[in-house]
Structures are given as structure tokens and as C-alpha cells.
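Since the structure comes first, as C-alpha cells, the remarks are kept for the end.
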Amino acid sequence: MKKSKKIIYFLQSFSSAFNSKNITDFAASAAFFLFLSLIPLMIVAFSILPYTFVTEEMLLHFVLRALPSVTDSFVSSIIREIYASSAGVLTASIIVTLWSAGKAMQSLIRGLNVINDIQERRNFFVLRALACLYTIALLLAMLIMMGMLMFGRTIVNFMIGHFPQLEAFRGRILIIRYPISLVLLVIVFTAIYCLVPSKKQKFSKQLPGAVFSCVVWYVASWFFSQYLDNYDGFSTYGSMATIIIIMIYMYMMMYILMVGAYLNNWLGRSEKYADEQSDNT
């Protein structure tokens, strides 16, 4: 009984302190600007693929299989237009992506500063440059994870075609891509928690929240995908359904990221309080 009361008290205190930070506002702002960068981001990512061994049919097959069916028409139309577009579209998309995704990163920076009780000391130009740099690094990490998860089998077949001796390890390589992508996501989240705030944080102190966010992100994404595949209510909104779904998903992901950051902060304060109590006794 005492343990259940302690758990309830912990959840209540954690929730009230978390809400006092107005994290929902920062998560919503980051999700909005991330949504604005979505289409140019997809153009940038998919425009690189025509210069590789990945064909339009292969890309459509893997992407549509990975995403909820309600987004099929939206995503497939973008992919077809990308393969038919010119290099000028890629250049414009890169500029738009860096601007809008950079704004999303700035919202994330403000949110992490508030969570960690840090005053922003970097000037406007440094902040914009860092936001663009962090955005590029995040996009590269996302591309690597997408490549491992969506095109892992194709990449393995390509490698075995050049190195036949790897055939004996095909099954192991295909299985290991999942934990590798999970570890990579944990590293990305930890790097965000450590480097994005105005004051750099210790890696070891940010790892628990990164692991938490990564696991919750994966589980929430799976449940969200299953819900969309089995729920027909979004058909009422017609073509607007895709936009609504993507906005909800991005807000949910940004919120989870903020919760992980606050968990790190809360654990750090709890550890500091415990040390002070032990020193007093």
C-alpha cells in the first residue's frame, strides 16, 4: 500500500512539475515547423536515391510497406514527382528544409533550455547556424536508420553480390540491423540532450532519458501505425486526413522527446538532493 502511494505521489509531482514548464507549447511549435519541412525533407532524401541502385518501384514498395496505408496516396505522389523532377528542385528543397527544420530545432532548443533551467546565452546568428548544423546531423542519422530498416535486405543483397563470402552471415546481418538502429537512435537522442541546450550536459546523465524516449518512441509508433491501419474514422476528413495524422504523430514524437529530457533533469535533481541529505546526516 505504501509503495502504491509513493508511485502515485511520484507521478503527480512529476506531472505537475512537468506541466509547469509549458513543454506542450514547445513540442507543438517544434512539430509545426517540422511538418513544414516534411515535404522538402522527403524531396531531399528521395532525390538522392535516383543516383543509387534504388529504383522508383523499389522505393515505393519499401516506403508504402513501412508507413500506414492511409498515407499511401500522399507519399506515392511525392515519390513519383521526385523521380521526374530536376536538380533545381533539390537545391530549393534543401534551402527550405534547412530553414523550416532549423526553426523546429530552435523550438527544441528553447524547450530543452527551459527543462534544464538554462538561460540562452548564444546570439541569434550562432543559434541559427547551430540549428542548421544540428538539423543536418539529425537528417543524416534519420537517413541511415531509414536505410537500415527499409532497405536493409536490398543493401545486404548488394553487399553479398560483391562479397559472396558474406552469404553465410545473411540472416545474422538482417537481424542485427534492428538493434543497431535502436542503439543509433539512443545515441542521437543522447546527443540532442547533451549538445542542443545552451549549457552542455554530461553524456551519462542524459542516457536514461534517451533510452526511455527511444523505447517509448518505438512502441508508440507501432501502436499508432496499428491504430491507423484498423481505424476508418479518418476517411471522413478525405485528403486532410494525411495532414492531420502526420501533425498528431509529430507532436506525439516531440512530446516524448521532451519527456525524456525532463526525466533526465528530474533524476539529476533527485540525485543531488539525495547527496545533500546524506551529507547532512
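Nothing in this text is a laboratory measurement; each read-out follows from the coordinates by a stated rule. Since the model is a prediction, treat every value here as computed from it, not as a measurement. With ideal geometry, Cβ positions are generated from the backbone for all residues, glycine too; neighbour counts draw on all protein chains shown.
Sorted from fewest to most neighbouring beta carbons within 10 Å, what does the list THR190, THR55, THR242, THR24 look like?
THR55, THR24, THR242, THR190
In what order do CYS132, CYS214 fall by count of nearby beta-carbon atoms within 10 Å, going from fewest to most?
Lowest to highest Cβ neighbour count: CYS132, CYS214.
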